Every structure is written in structure tokens, then in C-alpha cells.
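Take a look at the structure set out below.
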């Protein structure tokens, strides 16, 4: 029986609709789903990526390596190409929390936190992380919860000055530290906002050669389809748990500290104009100074990015003028900066004040001298201040050394005071600091060691005097520090080397003997009698409980030549 043409047409339409519905259902259930994109950022080890590539079905997953060797702006390039990721795997060292980096000498790739923040915040890169389900952070301390910088004491003092009770001030300062994402975990949760699962390490992470085999074991037992599913894998966490792996979600709008993410993005996003960003900077500066302190990294970075040409633009110049003439905010800012616990924070805040037009160059210098004099008077000057002054000021800054001396706060018998003055170019202070390297006080040796990292010994007479002084030291811990400092000088003076070599048989500490070997192995021992030296090392070396060490390596080198 033949159906009428109209009925046949209707039947065909019904069949077509059913077919479309089936395809739609199949697509929805993943039967014909598009492959998931696994983006990789291979900074140090490729082991993790290679295991994933071997085990994930090619029809279900595709890989995109974001790092383009030799191209500095490869992350921005990925944004411009419209790359979108379902999963992101970052492999690299992350010890200090500022950047992912490599320890390979033949490679210089890195990825900074600032670049990640820009990619996360920028509307011009909104697609790269928009559909992420999972992020794998293969680096040490990536999800460490301890704050990177602790400013609780100075925050609490500022809150007390503003009228808070001490107990309330302590509580609020702790909340501010949490709100402003001072831990690696918080900062990466801000970057990967709304991502369901972030895998990372709360302390030490396994190296690639260890992580790779662990991932192999994961694929032997884990259910299929877990990667880029947006659900934390119990199997993966059990395998990597002994290595401190944990899983946390990215920040969401429901998070009580989500407002900081918006603040961070107002400066990191490339879209707003400089005048708009400066308006926001002014708004932040007018908040309680405790918030300004916690936002300091972001304020510094943006202020330093404004070049002379940008500052001359009418709207930018007007915005800068509004900040410069806001004297009440300026006074509150300077008062807080002067009370900073850390000299480095004081210095950074004063540098920002100068950039914003709140201090002239002469005023900033006077604030620096005042800070050093105050710390000298309080007895709180130490190796950190020495490191700061030596790294930030030239040896030719004699006018600064004179200004510090004119305050009357410097005490010649305090090694840290002498080291700061020596950093600023005082020849007499230099001599006193070098002599402190052979002091019996361990704290003095530490300060001298810090100073000599920045101002190496260049005079042969000084080298010989130091070598002779080290040989007469009796405190083993201080002697080891002094020897380690001397090792960095790479001795080439025969008399100094002979003095150090003669000390080896007299040493009663294995650590001292190892430090001596550390000097000799770095130096040119051609002028020494190598056979006699090797014989002396073999005869007088103290037994190492851990087996072979630097002493054995030195003996083999001497025997080979």
C-alpha cells in the first residue's frame, strides 16, 4: 500500500526530527563530543606531559603546548590565537611563589605570577581560562597556605592608632592577610577563579622523574575520563598525597574575599585607560592604610609601568595631580611607612611615594637616612638591612654615609652599623666589617658574610689577613661561615691558599674540614704541592657518616693531576 505524498513527506520529517534528536542526545551524552583540550606549560620537566599524552585517547583529548621556545610573549600569543583549555598542566619550580622557572642551564623559560594574573583578568584573554575544569600545578609550594609576607604587627599597630582595641586589631590584621591573598594558595585561587579543581602541593613536590612514574600508576587504576572532568580524583590524591598534593577549588563570587580579585583585576586588566587605573589607585590609597600595605605589590607594579610619555597625557597628568595634592592621604601614608617593621617595606613605600609625587628625591633620601638612624638607635639593624643597603646603593654614596654618621646613631662597635656604612662607601667601616668575618661571635660573622656577598675582597693583603684570622678562630660554627665566605672569593693567592690548607690537619670538626675542601676545590691549586696536599687530606680527614663528600672529590682531583 502506497502512502499519499503528503503523509510520506510528514513521515520523512518525523524521521529527520528523530535523527536530529538522537544526534543531539548523543552529543549531550558525549558519544560524539569534541575532544577536550589539555594545555601544557612545560617550563622545567616534560615527564608529566609525556605521560598524559601516552595515556589519554587521542580522539578524546588534544594537547596544546603554550610555551613557544624563544618567544618572550608566548602566553599573550596563546590569548591572541584564541586558545581555550579544558585542563591546564604547569610544570616548573615555584619555590618562592613569584614565578614558575627551570633549573636547566640550556633553557631560560619562565612564567611569572603577574603574567598569570594579567591573563586571568584581561578581557582580551578571557577565553584562555574560561572553560577550565582542572589545573595541575606541578611545582613546590604551589598550594602552600602560609602567607608569603607577614605584616600582622604593623597592621595591628596602625589599626590601634585608628581607634581599634588591641584584640580587635590583631583579629582584623589576620583577616586582611587572608583577604589579600598573601599565600601561594590564595593567589593561585584568585588567578584560576571559578575552576572546579586545582591540584598542587602544600610543600615539596616530586621532581618530574618521580612524578612521571606516579602518573603512570594513576592510569593503571583510575577510572577513564577523570582528566578534565572537573571532579577531584581520589586515586590521584592518594598516589601523590605523601608528596603533599592537595586539591582546592578556584575562587568563586561566594568567597568572602572575592572583592580583592576584582581590585587586582582593575590594575592587571589591559582594557581600562591609565587615567581610570590611576583613579582606582587614588581610591585604594584613600582606604585604611592597612589595606594599602596589603595591596602594595600591585600599586608598585602599576606605578612603575607608567612611562614619561604616558604621564604627559592630559587625563593621566590630571589623575596624578589629584593624588599628589591629596595631602591628608599623603600624611597617613608616610606615617604608616615610617612604622613598617621591615626596612625593605619602608624603602618600597617611600619609593612609591616619590613616584606619586609625594616626596622629592632629596626628601626620599632623608627618609632613608632617618629609617637607618632609627633602627640603629633601637638596636634593630641587622643582616637584612645590610643586604638591602648593599643591593640598593652604590659604594660611591659617601654623602649618605656622612648623613647617617651625622645623626649620631651609628655605633662603631656594632658590626651591622659598620656594614651599612661600608655599603654606602665608608672605607673605615669596610675595614671593621672585614675584620668581623673572623670574630668569635657568630652573629658578627653572619653580617660580614652578608656584606661580602655584595662587596667582594679585592686586596691581596686583606685576603691574607682574613685567611690568617680564620686559621686562629676557635668557634667551629663561625669558622665554617667564614670559610664558606672565603670560598666565594675564589682564592688565587698562594700564601692564603697555603694558610687554609695548613688548617685542615688541625681542624676538629668535619664541617670545618668540608668548608676547607670547598675553598680548595674552587681555587687554582697549581701552586701547591698537590701530592703532599692529597696525602695530608687522606691522613687527617675525619670520617664522614654519610659516605663520600667534597673532601673525597678533592682528593680524587688532586690525585688525577
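The values are calculated or read from the model by the stated rules, or taken from the named source; none is laboratory data. These numbers were taken from a predicted model, which means no experiment stands behind them. Quick reminder, even Gly has a Cβ in these numbers, built from the backbone with ideal geometry, and neighbours come from all protein chains shown.
Can you tell me which of 441, 455 is farther than 24 Å from residue 506 by Cα, within 34 Å of the chain's Cα centre (by Cα) and surrounded by fewer than 21 Cβ atoms within 10 Å (Cβ to Cβ)?
The match here is 455.
Specify which of the listed residues (135, 197) is more than 26 Å from residue 104 (Cβ to Cβ) and either modelled with pLDDT under 90 or in contact with a strand residue (DSSP E or B) (Cβ under 8 Å, 6 or more places away or on another chain) (or both).
Within the list 135, 197, the selection yields 197.
Among the residues in the range 125-141, are any surrounded by fewer than 23 Cβ atoms within 10 Å (Cβ to Cβ), without any contact (Cβ under 8 Å) to a residue 12 or more places away in the chain and either within 18 Å of residue 195 (Cβ to Cβ) or over 15 Å from the mean Cα position of the chain (by Cα) (or both)?
Checked the range 125-141: at least one residue is surrounded by fewer than 23 Cβ atoms within 10 Å (Cβ to Cβ), without any contact (Cβ under 8 Å) to a residue 12 or more places away in the chain and either within 18 Å of residue 195 (Cβ to Cβ) or over 15 Å from the mean Cα position of the chain (by Cα) (or both).
What helices (runs of 4 or more DSSP H) completely inside the range 303-357 contain at least 1 residues that are surrounded by 19 or more Cβ atoms within 10 Å (Cβ to Cβ) and over 30 Å from the mean Cα position of the chain (by Cα)?
Ranges flagged: 314-324.
Being free of Cβ contacts under 8 Å to residues at least 24 places away in the same chain, within 29 Å of the chain's Cα centre (by Cα) and in a loop (DSSP other than H, G, I, E, B) is the filter here; which residues of the range 56-76 pass it?
68, 70, 71, 72, 73
If only one of 461, 469, 547 is closer than 25 Å to residue 445 by Cα and without any contact (Cβ under 8 Å) to a residue 12 or more places away in the chain, which one is it?
461
Within the range 446-458, count every residue that is farther than 13 Å from residue 433 by Cβ and touching a residue at least 12 places away in the same chain (Cβ under 8 Å).
Residues flagged as farther than 13 Å from residue 433 by Cβ and touching a residue at least 12 places away in the same chain (Cβ under 8 Å) within the range 446-458 amount to 0.
Checking the structure you have, find out if any residue of the range 157-164 is under 22 Å from residue 39 (Cα atoms), modelled with pLDDT of 75 or more and part of a loop (DSSP other than H, G, I, E, B).
No, there is no match, as no residue in the range 157-164 is under 22 Å from residue 39 (Cα atoms), modelled with pLDDT of 75 or more and part of a loop (DSSP other than H, G, I, E, B).
When you check residue 230 against the structure, is it surrounded by fewer than 17 Cβ atoms within 10 Å (Cβ to Cβ) and part of a loop (DSSP other than H, G, I, E, B), yes or no?
Criteria met by residue 230.
Hey, can you tell me all the residues within the range 515-541 that are more than 19 Å from residue 492 (Cα to Cα) and either surrounded by 15 or more Cβ atoms within 10 Å (Cβ to Cβ) or in the same structural domain as residue 491 (by TED's automatic domain parsing) (or both)?
Those that are more than 19 Å from residue 492 (Cα to Cα) and either surrounded by 15 or more Cβ atoms within 10 Å (Cβ to Cβ) or in the same structural domain as residue 491 (by TED's automatic domain parsing) (or both): 536, 537, 541.
Output the number of residues of the range 202-249 satisfying the condition of being more than 22 Å from residue 146 (Cβ to Cβ) and within 22 Å of the chain's Cα centre (by Cα).
Count: 2.
Is it true that some residue in the range 478-487 is free of Cβ contacts under 8 Å to residues at least 60 places away in the same chain and out of contact with any helix residue (DSSP H, G or I) (no Cβ under 7 Å at 6 or more places or on another chain)?
No.
Can you spot a residue in the range 262-270 that is over 26 Å from residue 169 (Cα atoms), in contact with a strand residue (DSSP E or B) (Cβ under 6 Å, 6 or more places away or on another chain) and not assigned by TED's automatic domain parsing to the domain that holds residue 342?
Checked the range 262-270: no residue is over 26 Å from residue 169 (Cα atoms), in contact with a strand residue (DSSP E or B) (Cβ under 6 Å, 6 or more places away or on another chain) and not assigned by TED's automatic domain parsing to the domain that holds residue 342.
Within the range 244-263, how many residues turn out to be surrounded by 16 or more Cβ atoms within 10 Å (Cβ to Cβ) and assigned to a helix (DSSP H, G or I)?
Residues that pass the stated criteria total 3.
Restricting the range 502-514 to residues that are within 39 Å of the chain's Cα centre (by Cα) and in a helix (DSSP H, G or I), which is surrounded by the fewest Cβ atoms within 10 Å (Cβ to Cβ)?
511
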